[in-house]
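Computed from the coordinates by the stated procedures, all read-outs in this text should not be read as laboratory data. Predicted model, so just to flag it, every value in this text is computed and none were measured. No Cβ is skipped: glycine too gets one built from the backbone with ideal geometry, and neighbour counts run over all protein chains shown.
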Amino acid sequence: MNTLYMKIEIITIGDEILIGQIADTNAAEMSQMLHEHGYSVKQIISIADNADDIKKTLDYALSETDIVLLTGGLGPTNDDITKKTLCEYFNTKLVFNQQVYEKLEKRLQAMNLKMNDLNKSQAYLPESATFIENETGTAQSMVFEKDGKILISMPGVPSEMRHTMPKVVSLLNNKFGKKENITRHFIVYGIPESELAIRLKDWENSLPSEFHLAYLPTLGLVKLRLSTAENTEDCQQKTAYFSEKLRAILGKAIIAEEDITMEALVGRMLKEKNMTLAVAESCTGGKIAHKITSVPGSSAYFKGGVVAYSNAVKEEVLNVSSFDIDEYGVVSIPIVEQMAQGVLELMDADIAVATSGIAGPASPEDEKEVGTVCIAVATAESVMAQQFKFGSLRDRNIERACLAALVMLKNAIG
């Protein structure tokens, strides 16, 4: 069966999703990975932890699609009913799996925990199913096959699903034949989505019918995804041709050509250049440091930071001139330049970034608008700064300031 024409339904199970207690991030991540491997997700649905609802949903899904992926309800507690319900649906029984039990026991021992009855229940798996080992949790994924259709039930914990999905994709590829999409990512900064669509109208209209362009806007960025499910030599050549045309239209507004966060991209560049980073934050309140340190391995290049929220800290810790604060205001180019230079010297780093702004909702400086942010990047040889005008919403201003600071860092690192 050609994966181009295969249909998949994703079902996320959990009352906590339906009442808005948690967001369903699993479905989005699963869909993205499936798309990159040439599989078409027909429908995504969230349902309650209710046996009748699960069975009715499976009836429809298995009649309309080739593959059904479930997440959720595989834990050891009484409200985790997915495993029991699947046994009823596929008319099978739970059997004890010694191999799974021994691995669970070793994992618990490593955490200084003892096996209890609830943990032991995770070693009981449906007799007619095969399983995919869960290397980060206790609930195993289960694979059922019926009338040429496949159902795979996975844990709902996002980190466990994330580690399981590559194995699921590998299983599907092996069964149906590997068929990966051609996909190109372009991250565009500084052009709003509506304006970007206008600029790209003629280019987009010239794309062959087998190509698809998706606009994926986030705060301050638009990610463009150009893809085709037909991985042929002709499509590869066309992809290269239209990618080059896109670069000619957007120029330096394209800041990356991969699906990556700015903090991860900056971190990789720092590693490649063997550089270290320090941050001095006022309006962003430590959020840039948080983003930087959220990237695994960031200790190799991140020296540290100062949250200089008050003028006293700016003056006493970062050696900012009190005269210049009075003269120019704390939200000004001269002040962020001094903040960046101060933390660069304080942390003995190779490059530093500093922020000072008015996040809102009110402005402490009458002559400056809410959303005014100044950002500077300093090295031992130079310092450059820029003033931005964002909006009136505090959270959005902070997030956009972080993004602008990371983009300035990227450009300075080169």
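Here Ser170 and Asp59 are evaluated by their C-beta separation; at R0 = 41 Å the FRET efficiency comes out at 0.90. Here each label is just a point 7 Å from Cα along the line to Cβ, and for Arg394 and Ser363 those points are 1.8 nm apart. Enumerate the helices in the chain for which the Kyte-Doolittle hydropathy averages 0.5 or more and the C-alpha atoms extend at least 24 Å along the helix's axis, using complete DSSP H runs. Result, helices passing both filters: zero. Pairs exceeding a 23 Å alpha-carbon distance, out of Lys252/Lys389; Lys7/Lys245; Lys245/Lys271; Lys42/Lys201: Lys7/Lys245; Lys245/Lys271; Lys42/Lys201.
For the chain, the orientation-averaged shadow of the C-alpha convex hull comes to 24.9 nm² (one quarter of the hull surface). Computed about the Cα centre, the dipole magnitude for segment 262-413 is approximately 820 debye when only Lys and Arg (+1) and Asp and Glu (-1) carry charge, each at its Cβ. Under a model in which nothing but the beta-carbon of Lys, Arg (+1) and Asp, Glu (-1) is charged, the chain shows a dipole of about 980 debye around its Cα centre.
Proximity of backbone amide H atoms, modeled 1.01 Å from N, is registered between Asn181 and His37, Gly38 at under 5 Å, excluding neighbours fewer than 5 places apart on the same chain.
Taking 0.36 nm per residue of separation and subtracting the Cα-Cα distance, full extension of the segment from Glu345 to Glu204 would add 45.9 nm. Residues within the reach of a label modelled at His212 (point 7 angstrom out along Cα to beta-carbon, backbone nitrogen below 17 Å), restricted to segment 51-75, are 65-67. Contact order normalised by length for the chain, with contacts defined as Cα pairs under 8 Å and 6 or more residues apart; what percent is it? That works out to 11 percent.
Were the residues from Leu219 through Ile45 laid out at 0.36 nm apart, the gain over their Cα-Cα distance would be 60.0 nm.
In segment 221-243, which residues have a backbone nitrogen under 17 Å from the label point lying 7 Å from Glu193's Cα in the Cα-to-Cβ direction? From segment 221-243, the list is 221-226.
Quotient of the Cα radius of gyration of segment 3-176 and 2.2 N^0.38 Å, N being its number of residues: 0.99. Of all DSSP bridge pairs formed entirely within the chain, close to 60 percent run antiparallel. Taking label positions 7 Å along the Cα-Cβ direction at both Lys114 and Ala28, the computed distance is 4.3 nm, reported to one decimal. Here the simple spin-label model places points 7 Å from the Cα toward Cβ, and for Gln386 and Asn411 these points are separated by 0.3 nm.
Farthest towards the positive end of the charge dipole of segment 182-256, among the residues Ala229, Ala256, Tyr215, is the Cα of Ala256, using unit charges on the Cβ of Lys, Arg, Asp and Glu. Under the convention that each Lys and Arg Cβ holds +1 and each Asp and Glu Cβ holds -1, the size of the dipole of segment 3-176 around its Cα centre is about 460 debye.
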